[in-house]
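Let me begin by presenting the structure, written as structure tokens, before commenting on it.
The values are calculated or read from the model by the stated rules, or taken from the named source; none is laboratory data. Predicted, not measured: the structure shown is a model, and the values here were computed from it. Note that we place each Cβ from the backbone using ideal geometry, even for glycine, and neighbour counts take in every protein chain shown.
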Amino acid sequence: MLLSKSEQNAGDGQLVLTPVRNDPVSGPDQFIPGFESLGLIGHGAMATVYKARHMASQRVVALKTVRADVVDEDAAPGHAIDRLLSEAGLLTGLKHPHLMPFYGLGYTGEWFYVSMLYATGGDMIARITAGITVTEALAVTADVARGLDFAHARGLVHRDVKPANILFRDNGDALLSDFGLAKPFRLQIGLTSAGLIMGSPAYMSPEQGLGHKVTGQSDIYALGATLFQALTTHTPYQCRSVLRLIKMHIEAPVPTLPPHLSVLQEIIERSMAKDPGDRFRTALEMAGALDKAAATMQVDAPALVNSVSESVDAKNGHHAPTCCGSGAAVSGHLGDRSS
């Protein structure tokens, strides 16, 4: 029987190791042992997220379930799960105001699951869509950068920073979620060459796209791409082909902000530099630059990002860099905003 991280009410609310039965969750009428489903929050190609109650503690949580066979398509059956379980101790120690509180992690035999805070304030995608001010975008990005710096100092790299992984508490505080849950997928190039990379192509650092070692600078790049989208309402590069999109992150010039936001271009340049050595040295350094910019923008540009950027972009011909053509074939399942 596997030992997995599972949330238990031990009197002090701490996590303990507990056995989890090995039989798989085989249908919608069955659920993760120890949890009661309170409804579906969302689902994507990789994961399904439920509002659930942990029965022992009666805590209402967000329960993210991922099929074990898509956690790592190239790994031996238990290898990817073992990797994720091995990170559980580190994840439960990530207590920071801007990191998603993590309660437990386990494996049922078919499903990998993570229990975390049930955040009811929506995500960054929704805020960008509804309209966010420049200063709000800078403040949220700075808060997430501080959370990243806290995690980096403890040896953890997120691997999949993006707007859909920035959630909010009721009071508006930003929370970075999904540490260690970046989706691995295979890129098939031509007929013989293939590689396994992790993350979301729209925000992926050049080194991730090349299959190189992922570091804290990779998260800084993705956070810069997230900031770019918050300020312009679109991702830094536009391409229907995943392979070509990744190639744009590797080779295309750093995207430029519209003229009225040019004062922030240096932050985009330093966070999205192609060479990791040219980026902010730490996420905390990036947070400081964002704070300094926000202090200026409070006077200079308090208007809604999407309403302003749309009109200015149209007037000045500002567009995200794009590519054409279908590119090489890509195999593997890519997660969407809820995965």
Next item on the list: State the number of residues belonging to the range 217-266 that are touching a Pro at 6+ places or on another chain (Cβ under 6 Å) and aliphatic (A, V, I, L, M).
Entry: 6
Item checked: Condition met for residue 266 (closer than 28 Å to residue 132 by Cα, among the charged types (D, E, K, R) and out of contact with any Asp or Glu (no Cβ under 8 Å at 6 or more places or on another chain)) -> yes
Check: Being surrounded by fewer than 22 Cβ atoms within 10 Å (Cβ to Cβ) and either hydroxyl-bearing (Ser, Thr, Tyr) or touching a Pro at 6+ places or on another chain (Cβ under 8 Å) (or both), is that true of even one residue in the range 154-163?
Finding: no
Check: assigned to a strand (DSSP E or B), surrounded by fewer than 23 Cβ atoms within 10 Å (Cβ to Cβ), in contact with a Pro (Cβ under 8 Å, 6 or more places away or on another chain) and at pLDDT below 95: does that describe residue 196?
Finding: yes
Item checked: Matching residues, the range 99-151, being in contact (Cβ under 8 Å) with a residue 60 or more places away in the chain and among the aromatic types (Phe, Trp, Tyr) -> 102, 103, 107, 111, 113, 118
Note to self: Looking at the range 242-262 only, could you name the residues that are at pLDDT below 95 and of a type in the set (Ser, Thr, Tyr)?
What the structure shows: 262
Notebook entry, point to check: Of everything in the range 41-60 that's closer than 24 Å to residue 123 by Cα and at pLDDT 90 or above, which residue is surrounded by the fewest Cβ atoms within 10 Å (Cβ to Cβ)?
Noted result: 60
Check: Taking the range 270-281 as the region of interest, how many residues are surrounded by fewer than 16 Cβ atoms within 10 Å (Cβ to Cβ) and assigned to a helix (DSSP H, G or I)?
Finding: 2
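A quick yes/no check of all residues on (1) assigned to a helix (DSSP H, G or I); (2) touching a Phe, Trp or Tyr at 6+ places or on another chain (Cβ under 7 Å):
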{"site": "219", "(1), (2)": "yes, no"}
{"site": "227", "(1), (2)": "yes, no"}
{"site": "249", "(1), (2)": "yes, yes"}
{"site": "253", "(1), (2)": "no, no"}
Note to self: Filter the range 131-162 down to the residues that are assigned to a helix (DSSP H, G or I) and either over 14 Å from residue 98 (Cα atoms) or touching an Asp or Glu at 6+ places or on another chain (Cβ under 6 Å) (or both) and list them by number.
What the structure shows: 134, 135, 136, 137, 138, 142, 148
